[in-house]
Amino acid sequence: QVQLVESGGGLVQAGGSLGVSCAVRGRTLSTYSMGWFRQAPGKEREFVGGISQSGVRQKYADSVKGRFTISRDNAKNTVYLQMNSLEPEDTAVYYCAAAEYYGRISGAPDYWGQGTQVTVSS
């Protein structure tokens, strides 16, 4: 059983930075490509970004490109999302996701975390 546990969400002012983490339990992180999604109130869940098993390949939504960075530490079984230059429109519940294949991370992950709230005040 694979479990994804997010942490690090919170409240930040517009223009600020915040980092969130996702710990993988039950399986070795290096098995999976990892991704981050978000869901704002009244909106559908959307893909934020993804990273391959080795970390060499990454992809991001246009809305966050240049501001958000995903990294991973396979030794710590943890993946990170660093968010800079935050805007009120970034307010959402952020979800960690895992997929066995990089091609599926943006559309059909195999596992999901429970989410962590990120709120950006104006």
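The values are calculated or read from the model by the stated rules, or taken from the named source; none is laboratory data. Since this is a predicted model, take the numbers as computed values, not measurements. Cβ: placed from backbone, ideal geometry, glycine included. Neighbour counts: every protein chain shown. Protein only, heavy atoms only, side chains kept; ligands, DNA and RNA dropped before computing areas. Shrake-Rupley method; radii C 1.70, N 1.55, O 1.52, S 1.80 Å.
Got a sec? Which residues in the stretch 1-20 would a label at Ser122 touch, if it sits 7 Å along Cα→Cβ and we count backbone N under 14 Å? Label zone hits: 14-15. Distance between the pseudo-spin-label points of Glu46 and Glu87 (7 Å out from Cα toward the beta carbon): 0.9 nm. Once each of the GluC sites (Glu not before Pro) sitting in a DSSP loop with at most 15 other beta-carbon atoms within 10 Å is removed, the chain keeps 45-99 as its longest stretch.
Less than 15 Å Cβ to Cβ from Ile105, Lys/Arg counted +1 and Asp/Glu -1: what total charge do the surrounding residues give? After counting each charged neighbour, the total is +3. The loop-placed chymotrypsin sites (Phe, Trp or Tyr not before Pro) in the stretch 63-122, going by DSSP, that have at most 15 neighbouring Cβ atoms within 10 Å of their Cβ come out as Tyr101. In whole percent, what relative contact order does the chain give with Cα contacts below 8 Å and a gap of six or more residues? Reported relative contact order: 35 percent. Longest span of the chain, sites excluded, free of trypsin sites (Lys or Arg not before Pro) in DSSP loop with at most 12 other C-beta atoms within 10 Å? Longest stretch, sites excluded: 66-122.
Tally up the carbon and sulfur contribution to the accessible surface of the stretch 1-97 as a whole percent, 1.4 Å probe, everything protein left in place. Its accessible area is 45 percent carbon and sulfur atoms.
Once the chain from Glu100 to Ala23 is taken as fully extended at 0.36 nm per residue, the excess over their C-alpha distance is 26.1 nm.
Comparing Cα centroids, the stretch 43-74 and the stretch 1-37 end up 11 angstrom apart. Spin-label model, Gln58 to Ser30: label points 7 Å out along the Cα-to-beta-carbon direction sit 2.0 nm apart. Computed with every protein chain present, the accessible area of Asp62 is close to 130 Å² [probe 1.4 Å].
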